[in-house]
Amino acid sequence: MKNIVCLISGRGSNLEAILNAQRDQDWPGSLDARVAAVISNRADARGLAIAQARGVPTCVVAHDSYDSRGAFDSALAQRIDEHAPDLVVLAGFLRVLTPEFVERYRGRLINIHPSLLPAFMGLGTHARAIEAGVRIHGTTVHYVSGELDAGPIIAQAALAVRPGESESELARRVLSLEHRLLPRCIAWILEGRVRWDGKRVHTDDLGMQDLLLQEP
Ligand code: GRF
């Protein structure tokens, strides 16, 4: 069975969706993979308790215990490599990673971002989407490359922004799409149905209804 390591910083709802997908073998995004470990850069991340409740090993590599980003990333890589993961998933991991770290896991490191990239990179995506008046918003799963939120896109999920919708309501709807999209992308990568050759993302037999998920 393939191994995943998840990196988190907070709430852990995407981690929970991954753990749920492992159980639900009838679901299209079901995962035949083991979450070998959950690593957080913050000891107070709520997602740690979610993992522990499921018996998944956790550890904290506190970024503020290290003098530099490089030192933190080396410590992080050491903990990750103990599990020899096939895939490392940034599931709400709020640290910028060094180019060395990104290179070490090239093609095995994915992130979920709460916007339709390349629109709204960075933080505060839902407020900015409302401010910009976009009609379509959503979430993106992408391989991590050297540039923040700019790695090659694997798949996206989209919804129509409702007139007068609040930031919190929009965030809630996008998050529920995230929970459907991320486990599917992980499954596709582990099954070899999605891969990145360094230039292009190959998605072989997947159709547009897979790669652009829409709100039901
Ligand atoms: C999600 O919105 C994800 O897209 C972003 O960080 C948030 C993490 O939420 N990268 P959670 O910790 O998974 O609940």
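Points worth noting:
- For A71, the requirement of being more than 19 Å from H83 (Cβ to Cβ), hydrophobic (A, V, I, L, M, F, W, C) and touching a strand residue (DSSP E or B) at 6+ places or on another chain (Cβ under 6 Å) is not met.
- Out of G138, G192, G164, G146, one residue alone is outside any loop (DSSP other than H, G, I, E, B) and either crowded, with 20+ Cβ neighbours inside 10 Å or more than 13 Å from the chain's Cα centre (by Cα) (or both). It is G138.
- G10 vs. criteria assigned to a loop (DSSP other than H, G, I, E, B), within 12 Å of the ligand (Cβ to nearest atom) and outside the structural domain of R180 (by TED's automatic domain parsing): yes
- Some residue of region 98-114 being within 11 Å of the ligand (Cβ to nearest atom) and in a loop (DSSP other than H, G, I, E, B): yes
- Taken over region 112-159, the residue count meeting the criterion of being under 12 Å from A171 (Cβ atoms) and among the hydroxyl-bearing types (S, T, Y) is 3.
- A45 meets each of the listed conditions (1) assigned to a loop (DSSP other than H, G, I, E, B); (2) on the phi < 0 side of the Ramachandran plot; (3) away from the ligand (no atom under 15 Å from the Cβ); (4) among the aliphatic types (A, V, I, L, M) apart from (3).
- Residues of region 135-156 that turn out to be more than 11 Å from the ligand (Cβ to nearest atom) and either in contact with a Ser or Thr (Cβ under 9 Å, 6 or more places away or on another chain) or at positive phi (or both), as a count: 7
The values are calculated or read from the model by the stated rules, or taken from the named source; none is laboratory data. Note that the structure is predicted; figures quoted are calculated from it, not measured. Don't worry about glycine lacking a Cβ; one is built from the backbone with ideal geometry, like all the others, and counts go over all protein chains shown.
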